Amino acid sequence: MASNGGHRARENNPEDPATLAEGVEMSIVLAEAEPVGGYVGTGISEPILKAGILLAVGGSRASTRFRSLARF
């Protein structure tokens, strides 16, 4: 028999207010996790995307500018 420190394991009784409150808290936390994750993901990916676009457009313009100057 496994020892659990002399305490009986609390059974998950759906009518127990403590169990109900724990379930509600868990539901709230899980419901908020996806929107927060999306917000953080967008906050990281958007600047990287914008920097990539800036480098691509800036590099293209710079190379075109230098090629046109080299012709003269």
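Derivation of every value follows stated rules applied to the coordinates shown; laboratory data play no part. Only a predicted model underlies this, so the values are computations on that prediction, with no experimental measurement involved. With ideal geometry, Cβ positions are generated from the backbone for all residues, glycine too; neighbour counts draw on all protein chains shown.
A few remarks follow.
- Separation of the A18 and I53 label points, Cα + 7 Å toward Cβ, nm: 5.4
- Between E32 and F66, the contour length at 0.36 nm per residue exceeds the Cα-Cα span by 7.1 nm.
- Charge sum, other residues only, whose C-beta stays under 14 Å from G38's C-beta, Lys/Arg counted +1 and Asp/Glu -1: -3
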